[in-house]
Amino acid sequence: MDDLQMQDDETLMLLLLEEDQDALAEILRRYGRRVRGYLKVTFGDVLREPEHHAVFNEAAYNLWRFRERFKPESGSLKAWFMRIAYNAAVSMLRREKKHLAKDLEYDPEYSPADCPEEKISDYDSKEQKLLEALRDFIHNKLVGFEREIAIDFYKSGGGSDVTRLAQIHGKTKGNVSATRTKVKKKMIEFVEQYEARQRDRKGSS
Amino acid sequence: MSHDAEKRLGELAAKLRKIEGLCPMTDEEADAAYDAAPEEPLTENDIQSIVESVTSGELASWEPIPDLDWIDEVDLENVSDDAYQLHRNKGEDDEESKLAEDELRREMIEDEDENDEDAEAGGTTPPGAGR
């Protein structure tokens, strides 16, 4: 173990390619605490404690089984681990198991660190103000279950699995779906009103 | 809630994720997020237990992944009017189609009358008349 502590990331990854389990343990020792901390800070409000453990385990699992797809020239090991962990968290929210599928090992194009979502276009300073206002609306104007559903909506990229949310919050699936529809409507109304106010201001100046 | 409004909300949600430093993280962003993250406890026992379950392949899911890429190509906007027609309640009146149906019915009756007249005048046997 002491020897491994002295090794750089590239050497650890080479050892991992040889299926060295001690190298995996060293990577977890080196980066695991902060990756867990990142998951806790980012998804602490939408994932429950047992889910945090599962997400971290799944991230470590994908790091291990796709070890040969890590490209040191494309970025650092910790960045790769972070993105794998992010994807595992989003999959947990959506209750998707596809990132754990055995088939993926036979798909040479697949990388567990790639973002499954579409490329997000950049935003200008005007839109940034709207986004900050929308975030403020979600976090400070919505309350209770509606607030939780709204945060879950944007963090999971469209909303968590309804069954999961119903179990966590002790609600019916119908209640979760209805609340999500209501919250989405409120967010759209907020955006429309915000944009109308901006237009009015521009018109009067 | 209109399709456009829902689409716009989806785009804003994606940008909100980006503004919060979430997906898709570039390497620089991921490094920065890592450096800014607090440390969470991870004991040597935790690590050994994770290594054991990970290397044994316990977490693998053997369910095949359906190929759903084609779904993106479906544009439902083009068929929304047809869908309304399909879901129209039985017996619900629509003035335009009612007029068209009446016109068709009137033409069919006129055709029948003409056929009967032709049969009487020319002596031809109308369909089914020989039975």
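The values are calculated or read from the model by the stated rules, or taken from the named source; none is laboratory data. Just so it is clear, the model here is predicted, and its values are computed rather than measured. Ideal geometry is used to build each Cβ from the backbone, glycine not excepted, and the neighbour counts take in all protein chains shown. Protein only, heavy atoms only, side chains kept; ligands, DNA and RNA dropped before computing areas. Shrake-Rupley method; radii C 1.70, N 1.55, O 1.52, S 1.80 Å.
Quick notes on this structure:
- In segment A:159-169, the residues that are part of a loop (DSSP other than H, G, I, E, B) and open to solvent by less than 40 Å² (accessible area, probe 1.4 Å): A:Gly159, A:Ser160
- Qualifying residue in segment A:170-183 (condition: surrounded by 14 or more Cβ atoms within 10 Å (Cβ to Cβ) and not in a helix (DSSP H, G or I)): yes
- One residue from A:Tyr123, A:Tyr106 being within 10 Å of another protein chain (Cβ to nearest Cβ) and either open to solvent by 30 Å² or more (accessible area, probe 1.4 Å) or within 27 Å of A:Ala59 (Cβ to Cβ) (or both): A:Tyr123
- Residues satisfying the stated conditions in segment A:127-164, i.e. touching a residue at least 60 places away in the same chain (Cβ under 8 Å) and farther than 24 Å from A:Asn87 by Cβ: A:Leu130, A:Ala133, A:Leu134
- Segment B:22-42 residues that are at pLDDT 90 or above, paired with ones that are open to solvent by 60 Å² or more (accessible area, probe 1.4 Å) (beta carbon under 6 Å, 6 or more apart): B:Tyr34/A:Arg34; B:Ala37/A:Arg34; B:Glu39/A:Arg33; B:Glu39/A:Arg34; B:Glu40/A:Arg33; B:Glu40/A:Lys40; B:Leu42/A:Arg33
- Subset tally (residues that are crowded, with 19+ Cβ neighbours inside 10 Å, in contact (Cβ under 8 Å) with a residue 12 or more places away in the chain and either of a type in the set (Phe, Trp, Tyr) or outside any helix (DSSP H, G or I) (or both)) for segment A:61-100: 6
- Subset of segment B:9-23 [more than 7 Å from every other protein chain (Cβ to nearest Cβ) and not small (Gly, Ala, Ser)]: B:Glu11, B:Glu20
- Any pair with Cβ under 7 angstrom, 6 or more apart, that starts in segment A:11-40 at a residue that is more than 8 Å from every other protein chain (Cβ to nearest Cβ) and of a type in the set (D, E, K, R) and ends at one that is assigned to a loop (DSSP other than H, G, I, E, B) and open to solvent by 40 Å² or more (accessible area, probe 1.4 Å): A:Asp22/A:Met1
- Scanning segment A:1-46 for residues that are of a type in the set (D, E, K, R) and either open to solvent by 90 Å² or more (accessible area, probe 1.4 Å) or farther than 30 Å from A:Ser156 by Cα (or both) gives A:Asp2, A:Asp3, A:Asp8, A:Asp9, A:Glu10, A:Glu18, A:Glu19, A:Asp20, A:Asp22, A:Glu26.
- Checklist (1) over 20 Å from A:Asn62 (Cα atoms); (2) at the interface with chain A (Cβ under 7 Å from one of its Cβ atoms); (3) open to solvent by 30 Å² or more (accessible area, probe 1.4 Å); (4) at pLDDT 90 or above applied to B:Thr55, failing item: (1)
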